[in-house]
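Q: Could you have a look at this structure, given as structure tokens, before my questions?
Read-outs: derived from the displayed coordinates by stated rules, not from any lab. In this text the structure is predicted, and so the values were computed from the model without any measurement. Methodologically, a virtual Cβ is constructed for each residue, glycine included, from the backbone with ideal geometry; neighbour enumeration extends over all protein chains shown.
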Amino acid sequence: MIKDIELIKSRFESNFKTYNKLALIQQQICNELSLLISTYCGGDIARAMEVGAGTGFLTSNLTKLYPNSEWYLNDLTPHSQNFISEFAEPTSHSYIWGDAEEIEFPQNLDLIASSSTVQWFDDIDSFISKANRANNVGGYIALTTFGRENFKEINSTMGEGLEYLSRAELEEILIKNGYDIVHSNDYTKSLLFDTPLDVLRHIKATGVNSIKRERLTKSRLLNFENSYKSLFSIADGRVTLTYHPIIIIGKAHI
């Protein structure tokens, strides 16, 4: 899949406010990543970059963990600044707007952190290679993304979704590009919704599956509802939506 940058950008921009309220899984993942960074990366972080800052779930944690670091904060859209500036202001910081696969990274970084972003990339291998060139030897890359079980219900009923890598594949990419794996884990977590339409509303309000422009026809929507209910209902009639977070921290040895 070649990502539609303008579609992703416009959908996230229009859903930033609802994302902050409804993206509870993503917020929990950011909290987990922040705890792991504090555990594995230590306190000697002079220069750090966050890729895909969004509304600041991770930014708020990291700038508290490393208030004396020099921060480089990136997002696809400058609209992110409206949400992250309050967390950035107390620190020495710079904003770098644009597609993280295309922009130039600052150099001599001790930490590159990113949560729920790299699944949108066309070439994660090239991104990790670029990150390694920007990292100091002994510096860290700390990522969360999603695995192949993510939104399995949507893929089964609509035949669409992002192309997710497995945790083993992501580890292999990091190792190939000069990192030792210091932490890696994944798990699944299901949210419950009253109806399949509520699932679609949740996805739309968080912008997390923004890969196609076309609208659902009435017939396709009806087929979707019926298939979803038959395949993914629980005993009380509600339906599931599965998230599959992957968290990896690597340490640069070259």
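Q: Quick check on the exposure proxy: order S80, S92 from fewest to most C-beta atoms within 10 angstrom.
A: On the way: S80 23, S92 11.
In order of increasing Cβ crowding within 10 Å: S92, S80.
Q: Would you mind calculating the relative contact order of the range 106-254 from Cα pairs under 8 angstrom and at least 6 residues apart, reporting the percent as a whole number?
A: That works out to 37 percent.
Q: Apply the Kirkwood formula to the range 42-91: the hydrodynamic radius equals the inverse of the mean of 1/r over all pairs of different alpha-carbon atoms; give it in Å with one decimal.
A: After inverting the mean inverse Cα-Cα distance, the result is 10.8 Å.
Q: Using θ = phi - 60° and the Karplus curve 6.51 cos²θ - 1.76 cosθ + 1.60, what whole-Hz ³J(HN,Hα) does each residue of the range 104-120 get, with Gly and Pro shown as x?
A: Those phi angles translate into 7, 8, x, 9, 6, 8, 8, 8, 10, 10, 7, 10, 6, 10, 5, 5, 7 Hz.
Q: Alpha carbons only, please: Rg and Dmax for the range 8-55, in angstrom.
A: Cα only, the range 8-55: 13.6, 37 Å (Rg, Dmax).
Q: Would you list the membrane-span-like helices of the chain, meaning whole DSSP H runs whose alpha-carbon atoms span at least 18 Å along their axis and whose mean Kyte-Doolittle value is at least 0.0?
A: Details: long enough: 5-22 (24 Å, -0.64); 24-40 (24 Å, 0.59); 218-232 (21 Å, -0.63).
Counting only whole DSSP H runs, the qualifying helices are 24-40.
Q: OK, next. Count charges around I25 for me, please; just the other residues with Cβ under 11 Å from its Cβ, Lys/Arg as +1, Asp/Glu as -1. All intermediate terms of the calculation are to be shown ahead of the outcome.
A: On the way: positive: K189; negative: E32.
Value of the local net charge: 0.
Q: Taking θ as phi - 60°, what are the ³J(HN,Hα) couplings along the range 43-52 by the Karplus curve (6.51, -1.76, 1.60), each to the nearest whole Hz, with x for Gly and Pro?
A: Residue by residue, the range 43-52 yields x, 8, 10, 7, 10, 9, 10, 10, 9, x Hz.
Q: Under a 5 Å amide H to amide H cut-off, with H placed in plane at 1.01 Å, what residues pair with Y72 once short-range neighbours are removed?
A: When sequence neighbours closer than 5 places are left aside, the close amide H contacts are A48, M49, E50, S94.
Q: Now for a different question. What's the exposure ranking of K9, K218, K3, going from fewest to most Cβ atoms within 10 Å?
A: Working: K9 18, K218 7, K3 15.
Final ranking by Cβ density, sparse to dense: K218, K3, K9.
Q: Continuing with this model, one more query. Quick one: which residues, 5 or more positions from F146 or on another chain, have an amide H under 5 Å from its amide H? H modelled 1.01 Å from N in the peptide plane, none for Pro or chain starts.
A: Q119, I246
Q: Another question about this same structure. Could you give the length gained on full extension between N108 and K218, defined as 0.36 nm per residue of separation minus the Cα-Cα distance, in nm? Mind dumping the intermediate values first?
A: Numbers: separation 110, 0.36 × 110 = 39.60 nm, distance 5.33 nm.
Using 0.36 nm per residue and subtracting the Cα-Cα distance, I get 34.3 nm.
Q: OK, next. Return the sequence-ordered ³J(HN,Hα) values of the range 135-142 in whole Hz as given by the Karplus equation 6.51 cos²θ - 1.76 cosθ + 1.60 applied to θ = phi - 60°, using x for Gly and Pro.
A: 6, 5, 4, x, x, 10, 10, 10
Q: Now for a separate question. In the range 168-254, what GluC sites (Glu not before Pro) fall in a loop by DSSP, with at most 13 other Cβ atoms inside 10 Å?
A: Numbers: sites: E169, E171, E172, E214, E225; in loops: E214.
In loop regions of the range 168-254 (DSSP not H, G, I, E or B), the sparsely surrounded GluC sites (Glu not before Pro) are E214.
Q: Here's a follow-up. In deg cm²/dmol, rounded to 500, what helix-only [θ] at 222 nm does the chain give when every DSSP H run of at least 4 residues adds -39500 (n - 2.57) and the total is split over its residues? Each step should come with its number before you reach the end.
A: Values: 9 runs with 106 residues, N = 254.
So the helix-based figure for the chain works out to -13000 deg cm²/dmol.
Q: Under the definition of Cα pairs under 8 Å and six or more residues apart, what whole-number percent is the relative contact order of the range 72-160? Before the final figure, lay out the partial values.
A: Details: 84 pairs, mean separation 25.1, N = 89.
Worked out over the range 72-160, it gives 28 percent.
Q: Can you tell which of R167, R201, R47 shows the greatest fluctuation in a Gaussian network model of the chain with Cα springs below 10 Å?
A: It is R201.
Q: Can you give the alpha-carbon Rg of the range 184-254 over 2.2 N^0.38 Å, where N counts its residues? Don't skip to the answer; put the middle values down first.
A: On the way: Rg = 16.4 Å, N = 71, 2.2 N^0.38 = 11.1 Å.
Computed over Cα atoms of the range 184-254, the ratio equals 1.47.
Q: Exceeding 28 Å between C-alpha atoms, which entries from my cross-link table qualify? They are K152/K218; K130/K152; K3/K218; K64/K251; K3/K189.
A: Values: K152/K218 22 Å; K130/K152 31 Å; K3/K218 26 Å; K64/K251 22 Å; K3/K189 26 Å.
Over 28 Å Cα-Cα: K130/K152.
Q: Once Rh is set to the Kirkwood radius over Cα pairs, what Stokes-Einstein translational diffusion coefficient, in µm²/s, holds for the chain at a temperature of 37 °C and a viscosity of 0.692 mPa s? Write out the running numbers ahead of the final one.
A: On the way: Rh = 18.8 Å.
The diffusion coefficient I find is 175 µm²/s.
Q: Translational diffusion coefficient of the range 144-212 at 37 °C, 0.692 mPa s, Stokes-Einstein with Kirkwood Rh over Cα pairs, in µm²/s as a whole number.
A: In µm²/s, the coefficient is 234.
Q: What does the convex hull of the Cα atoms of the range 113-254 come to per residue, in Å³, rounded to a whole number? Spell out each step's value before the answer.
A: Details: hull volume 15.1 nm³, N = 142.
Expressed per residue, the convex hull around the Cα atoms of the range 113-254 is 106 Å³.
Q: Work from the charge dipole of the range 114-254 (Cβ charges, +1 for Lys and Arg, -1 for Asp and Glu, about the Cα centre) and give the residue of L197, Y243, I141 farthest towards its positive end.
A: L197
Q: If you project the alpha carbons of the range 52-187 onto the principal axes, what extent comes out on each, in Å, largest first?
A: Principal-axis extents of the Cα atoms in the range 52-187, largest first: 46, 33, 27 Å.
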